[in-house]
Amino acid sequence: MTDLYGHDEAVAMFRTALESGRLHHAWLITGPRGIGKATFARKAALRVLAQGAGPVPRPGLDVPDDHPAAKLMAAGSHPDFMTLERLPKDSGTELARSITVAQVRGLSRLFATTSSLSPWRVVLIDSVDDLEPSGANALLKSLEEPPPHSLFLLVSHAPERLLPTIRSRCRTLRLGPLGQRDMDAALRTILTDATPREIAGLAEAAGGAPGRALAYQGLDVDKLDSAMRAIAQGGDPTNEHRAALAQSLALKAAQPRYEAFLARAPSFIAGEARKRRGPALAEALKLWEQANDVSTIAVRQSLDAQATAFEMGGLIAGLAAKA
């Protein structure tokens, strides 16, 4: 199983709840993309299932690789565990837009029989943001009347967009970006062939998110950042710079770089906002909120890449007028 770096406070909170014997039935695990939320949830699920079968002599959320529960999880065949995530489309090359209501209703198979290896049955949804509306309503029924010894681990990048009734039935556990020490350790372990300079550059660009750093590898994000700085500083009155940027991100081959741009742009605007005070700060925060909305919706709804990148460029250009 993938190692978890950092998040010591969140690990301690979950372990305290587990050891108390009063583990809440639903946990909403939130925070920025790429910081390890899904890894945390998967390790928490394994710890609960393993510990339910007997003592586990390991700290934190760790479970020995040779533990029966760990072997079953690694093989994707643990009978008391289910994961809901977007499935591949018929072509097999792209993922569906949403987690469907049929997938949520399929959880009935898990709860139709008694648990097999421990008292617990665990569901991990990665991410709950991807549920179609009818799927969210179907999940709500399970959260309102949870089966005995059931645990729901809901990964969310944007919890404010969830149904308030779902949020209210969960205990929220917020994970933050990794510190420099944990970030460096994670990247050194994952990117064994990368030079210290490459690791340092990826760590700086990713802002404490190892998953984001991996996605940025080889995408030349420095040039994206330079393009955003040029647009923000000059305001791009002729639309020349944002049009060129949008065109460069429009090709299908540029999809990974386009997605990196969508992830970077709100962070870039947030960084500029932190330099401001008073009305200028308020205006920059409005731009950040709009950029966050565009970034969240664009990929999920398969919006036109060139038009979306141009729109995002316009928000960045707005920083010049509101400085």
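The values are calculated or read from the model by the stated rules, or taken from the named source; none is laboratory data. None of these values were measured; they are calculated from a predicted model. Using ideal geometry, Cβ is built from the backbone for each residue, glycine included, and neighbour counts are taken over all protein chains shown. For accessibility, only protein heavy atoms count, side chains too; no ligands or nucleic acids. Shrake-Rupley method; radii C 1.70, N 1.55, O 1.52, S 1.80 Å.
Place a point 7 Å from Cα of Ala280 in the direction of its Cβ. Which residues in segment 214-252 have their backbone N less than 13 Å from it?
Backbone N within reach: 233.
Amide H to amide H under 5 Å from Arg174: which residues, 5+ apart in sequence or cross-chain, H placed 1.01 Å off N in plane?
Thr30
Determine the percent antiparallel among the DSSP beta bridges restricted to the chain, to the nearest 5.
Values: 1 of 21 bridges.
Among the beta bridges of the chain, antiparallel pairing accounts for roughly 5 percent.
Cα axis of helix 133-144 to longest principal axis of the chain: angle in degrees, 0 to 90, nearest 10?
So the helix axis and the longest Cα principal axis differ by about 40 degrees.
Using a Förster radius of 56 Å, what is the FRET efficiency between Ala320 and His24 based on their Cβ-Cβ separation? Nearest 0.05, please.
Values: r = 47 Å, r/R0 = 0.84.
Step by step, r from the Cβ atoms, then E = 0.75.
Return the distance in nm (one decimal) between the two label points of a simple spin-label model at Asp65 and Thr238, each offset 7 Å from Cα along Cα→Cβ.
5.9
Compute log10 of I(q)/I(0) for segment 125-264 with the Debye formula, placing one identical point scatterer on every Cα and leaving out solvent, at q = 0.10, 0.16 Å⁻¹, to two decimals.
So the normalised log intensities are -0.54, -0.98.
How much net charge surrounds Arg242 when only the other residues with a Cβ under 15 Å from the Cβ of Arg242 are counted, with Lys and Arg +1 and Asp and Glu -1?
Working: positive: Lys223, Arg229, Arg264; negative: Asp225, Asp236, Glu240, Asp304, Glu311.
Computed value for this residue: -2.
What residue among Asp304, Asp65, Asp90 has the largest mean-square fluctuation in a Gaussian network model of the chain, using Cα springs under 10 Å?
Its mean-square fluctuation being the largest, the pick is Asp90.
If DNA, RNA and ligands are ignored and the probe is 1.4 Å, what is the ranking of Thr2, Thr39, Thr30 by accessible area, most exposed first?
Working: Thr2 90, Thr39 35, Thr30 5 Å².
So, going from the largest accessible area down, we get Thr2, Thr39, Thr30.
Which of the trypsin sites (Lys or Arg not before Pro) across segment 88-175 are loop residues per DSSP, with 14 or fewer other Cβ within 10 Å?
On the way: sites: Lys89, Arg97, Arg105, Arg109, Arg121, Lys141, Arg161, Arg167, Arg169, Arg171, Arg174; in loops: Lys89, Arg97, Arg169.
Within segment 88-175, the qualifying trypsin sites (Lys or Arg not before Pro) (loop, at most 14 other Cβ atoms within 10 Å) are Lys89, Arg97.
What FRET efficiency do you get for Thr83 and Gln301 if R0 is 22 Å and r is their Cβ-Cβ distance, rounded to the nearest 0.05? Before the final figure, lay out each step's value.
On the way: r = 24 Å, r/R0 = 1.07.
According to the calculation, E is roughly 0.40.
Over segment 118-262, calculate the relative contact order: mean separation of alpha carbon pairs under 8 Å at least 6 apart, over the residue count, as a percent. Intermediate values should be presented prior to the final figure.
Values: 101 pairs, mean separation 23.9, N = 145.
Over segment 118-262, the number comes to 16 percent.
Report the FRET efficiency, 1/(1 + (r/R0)^6), for Asp3 and Lys223, where r is their Cβ-Cβ distance and R0 is 30 Å, rounded to 0.05.
Working: r = 31 Å, r/R0 = 1.04.
For Asp3 and Lys223, the calculated efficiency is 0.45.
Show Trp27, Trp120, Trp288 ordered by accessible area, largest first, where the area counts protein heavy atoms only and the probe is 1.4 Å. Don't jump to the answer; show the numbers that get you there.
On the way: Trp27 0, Trp120 40, Trp288 90 Å².
The ordering from most to least exposed comes out as Trp288, Trp120, Trp27.
Considering amide H positions built from the backbone, and no H for Pro or chain starts, which residues 5 or more places from Thr83, or on another chain, come under 5 Å of its amide H?
Leu124
Let me cross-check Glu94: its accessible surface, 1.4 Å probe, with only protein heavy atoms counted, in Å² to the nearest 10?
Glu94 exposes around 90 Å² with every protein chain in place.
Work out, step by step, the length gained on full extension between Asp293 and Ala102: first 0.36 nm times the residue separation, then minus their alpha carbon distance; give nm to one decimal. Please list the in-between numbers first.
Values: separation 191, 0.36 × 191 = 68.76 nm, distance 2.75 nm.
Net length gain for the segment: 66.0 nm.
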